[in-house]
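In what follows, a structure is listed as structure tokens, so that the remarks can point back to it.
The values are calculated or read from the model by the stated rules, or taken from the named source; none is laboratory data. Small disclaimer: the values here were computed from a predicted structure and weren't measured. So basically every Cβ, Gly included, is an ideal-geometry build from the backbone, and we count neighbours across all protein chains shown.
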Amino acid sequence: MTPLSYRHLQVAVCYQGYRFFDQGDFNLNLVGVRARDRQANTFNDSLYVAFKTGSQTHVFQFPVTTDPGVYWREHPANVSGTAIVKPGQYPGLWALGKHQGKYDALVQRAPVTVYRDNDGNAQLDAQGYTEKGLFGINCHRATATGTSHQVDRWSAGCQVLADVRDFDVLMAFCRKAAGLYGNRFTYTLLDEEDLWAG
């Protein structure tokens with residue numbers, strides 16, 4: 001996916017009517033962008049982390065999946081269907097904690113809206129029936145070493161980084177921000193076409 005400037009990301013987020021954090025050092029904007037390809041089982045989405053230090057702007061782009069892997073699309077763990085996060089802005093969605101009690105990650109602490117994909121095929125059905133609540137939609141890594149190329153079982157709805165080194169960078173930023181602003185992080189999810197709106 002295309003690298004974006006700080007200003008481009010800011011305009012895209014604000015155009016949707018969402019808040020963009022532009023005051024203070026390490027005031028993180030965590031912005032996921034879902035790719036147009038709805039059948040991929042790869043890390044073809046992006047997580048952008050944008051913030052300022054002094055007058056300097058910074059944008060980091062990490063390969064992620066914002067979609068559940070094909071395994072969970074075909075074998076939903078929830079009777080209502082597999083969770084697919086609906087595009088939107090979710091204030092204070094995550095806090096630093098333990099993913100499944102195992103390792104440091106961003107864990108869900110506020111409601112999120114998800115579509116429920118329950119037709120048992122590989123196609124991502126991000127439309128129709130939605131639910132809002134606490135579903136364990138975390139932001140975590142895939143493999144503990146190196147880079148994952150297939151999503152498979154790594155995500156049943158979570159936002160998952162492909163490369164453990166990227167994840168470590170993200171966690172360092174989040175720890176720094178938590179010390180300044182508190183341990184809550186807003187997440188904004190856009191569709192790829194939203195980057196070029198307006």
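Tabulated values for the structure
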quantity: Boolean, ALA83 is within 16 Å of ALA156 (Cβ to Cβ), part of a loop (DSSP other than H, G, I, E, B) and either of a type outside the set (S, T, N, Q) or out of contact with any His (no Cβ under 9 Å at 6 or more places or on another chain) (or both); calculated: no
quantity: Conditions (1) within 21 Å of ILE137 (Cβ to Cβ); (2) touching a residue at least 24 places away in the same chain (Cβ under 8 Å): number failed by LYS98; calculated: (2)
quantity: Which numbered condition GLY88 fails, given (1) in contact with a Leu (Cβ under 9 Å, 6 or more places away or on another chain); (2) at pLDDT below 95; (3) on the phi > 0 side of the Ramachandran plot; calculated: (2)
quantity: Yes/no for THR53 being free of Cβ contacts under 8 Å to residues at least 40 places away in the same chain and within 24 Å of LEU93 (Cα to Cα); calculated: yes
quantity: Residue selected from the stretch 142-161 under the condition among the aliphatic types (A, V, I, L, M) and more than 12 Å from the chain's Cα centre (by Cα), by the criterion nearest to ALA83 (Cα to Cα); calculated: ALA156
